[in-house]
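Report on the structure given below.
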Amino acid sequence: MEEIPVKVAVRIRPLLCKEVLHNHQACVRVIPNTQQIIIGRDRVFTFDFVFGKNSTQDEVYNTCIKPLVLSLIEGYNATVFAYGQTGSGKTYTIGGGHVASVVEGQKGIIPRAIHEIFQNISENPSIDFSIKVSYIEVYKEDLRDLLELETSMKDLHIREDEKGNTVIVGAKECQVESADEVMSLLEMGNAARHTGTTQMNEHSSRSHAIFTISICQVEKNIEAGEDGSWYSHRQIVSKFHFVDLAGSERVTKTGNTGERFKESIQINSGLLALGNVISALGDPRRKSSHIPYRDAKITRLLKDSLGGSAKTVMITCVSPSSSDFDESLNSLKYANRARNIRNKPTLNFSPESDRMDEMEF
Ligand code: ADP
Ligand code: MG
């Protein structure tokens, strides 16, 4: 089985108006005509893809996501995850904001991928497609179903199916027929994400959101005739996860501990676990085969995407502002480590078709 590395992209957003107003200086930039990024005076990092402040949504999609969508249709699982501190451009890039009100050119990855998938379907009349979407969120290690808010988190469970793929038992999977239908579910889920708490920003910057599109394809092959021919159709089931991770910044909290105020630094435990998984997978001197996927929900959910059988792209978003220097440097180091992860992508024939092959044999 061929091993391919997780592809790592870095996107630097432009300085925001308020940053320009406050005279922030940019401290990160792409070195022209290279795949390198320089931060500060002399720290240089190389990535699979780099996008500077003038990069467009279209460019990001076409360069690093479109190939994944085509692989999805071939039958591979695919994942894109956005990493970076709050305000660095994760939601903008993934396209999980208020999608209905966004102008065409500003649309992020999810709407573009949806469009591409349905375009492909309309061009392939000899294949029966059935598409489902689900949208869940992990907040403080609890799962929430963004498409069915009444579902209690106690009824959502992470399990592994017989092929070792992670599934969320209890999550609503909506069968969809058109791109518009998917977009309205996305919009609905995004709204649930934002109104799920009174502390809106705190919530969305501390939660991981996973939007999943599953495609089941059955080739309509009738020619096998005579004896019923039920085994002649090939069935492929593949999934694309779009993951908007929690903000990677260290959250500084001041709490009263009796006589004096003690400052503690709190990092999202899921991201910490993700960092450990990335380190373990990327360490060439690693002796044991133990990867701590089970330490957090997000790492369990992304197991197949990191070191598994999916094709994965990580997009690290960074703010250019010199006031975010430390966080940006941390994000670049994190991204650099992820480049060492190797996956073994495999085509996903469904269990049914396996069984049919067996019977045929
Ligand atoms: P995050 O999800 O990482 O917290 P957002 O995606 O919400 O960050 O982005 C923060 C702000 O920066 C938003 O106002 C967003 O519109 C803007 N922004 C982010 N990336 C870009 C970009 N590449 N071009 C223009 N504006 C951007
Ligand atoms: Mg966001």
Task: Longest exposed-site-free window of the chain, the sites being GluC sites (Glu not before Pro) in a DSSP loop that have at most 10 other C-beta atoms within 10 Å - done: 4-122
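In debye, nearest 20: dipole of segment 16-115 around its Cα centre with unit charges on the Cβ of K, R (+) and D, E (-)? Spell out each step's value before the answer.
Numbers: 9 positive and 7 negative charges, 55 e Å.
The dipole magnitude comes to about 260 debye.
Quote to one decimal, in nm, the extra length available between Met153 and Asn62 on full extension: 0.36 nm per residue of separation minus the C-alpha distance between them.
29.1 nm
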Open item on the list: Using Cα-Cα distances under 8 Å and only pairs 6 or more residues apart, what relative contact order does the chain have, in percent?
Closed with: 29 percent
Task: Computed helical MRE - 222 nm, the chain, DSSP H runs ≥ 4 contributing -39500 (n - 2.57), nearest 500 - done: -8500 deg cm²/dmol
- [ ] Note down the magnitude of the dipole of the chain about its Cα centre, charges +1 on Lys and Arg C-beta and -1 on Asp and Glu C-beta and zero elsewhere, to the nearest 20 debye.
- [x] 2120 debye
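Counting only protein heavy atoms and a 1.4 Å probe, tell me what percentage of the chain's accessible area is made up of carbon and sulfur.
Values: 9200 of 18350 Å².
Ligands and nucleic acids excluded, carbon and sulfur reach 50 percent.
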TODO: Place the peptides 37-50, 329-342 in order of packing, highest mean first, counting for every residue the other Cβ atoms within 10 Å and averaging per peptide.
DONE: 329-342, 37-50
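Could you rank the peptides 311-321, 270-280, 23-33 by their average count of other C-beta atoms within 10 Å per residue, with the highest value first? Intermediate values should be presented prior to the final figure.
Working: 311-321: 25.3, 270-280: 20.6, 23-33: 14.2.
So the peptides 311-321, 270-280, 23-33, ranked by packing, come out 311-321, 270-280, 23-33.
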Task: Percent of alpha-carbon pairs separated by more than 36 Å within the chain - done: 23 percent
Task: Listed residues Ala82, Leu72, Ser126: farthest to the positive end of the dipole of segment 13-150 (Cβ charges) - done: Ala82
- [ ] Report the normalised scattering of segment 50-194 as log10 I(q)/I(0) at q = 0.19 Å⁻¹, calculated by the Debye formula with identical scatterers on the alpha carbons.
- [x] -1.40
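Keeping every protein chain present and rolling a 1.4 Å probe, give me the accessible area per residue for segment 1-119 in Å². Don't jump to the answer; show the numbers that get you there.
Working: 5820 Å² over 119 residues.
That works out to 49 Å² for each residue.
The values are calculated or read from the model by the stated rules, or taken from the named source; none is laboratory data. Please read these numbers as outputs of a predicted model, since none were measured by experiment. Reconstructed Cβ throughout: ideal geometry from the backbone, glycine too, with neighbour counts over all protein chains shown. We work out accessible area using only protein heavy atoms, side chains counted, and drop any ligands, DNA or RNA first. Shrake-Rupley method; radii C 1.70, N 1.55, O 1.52, S 1.80 Å.
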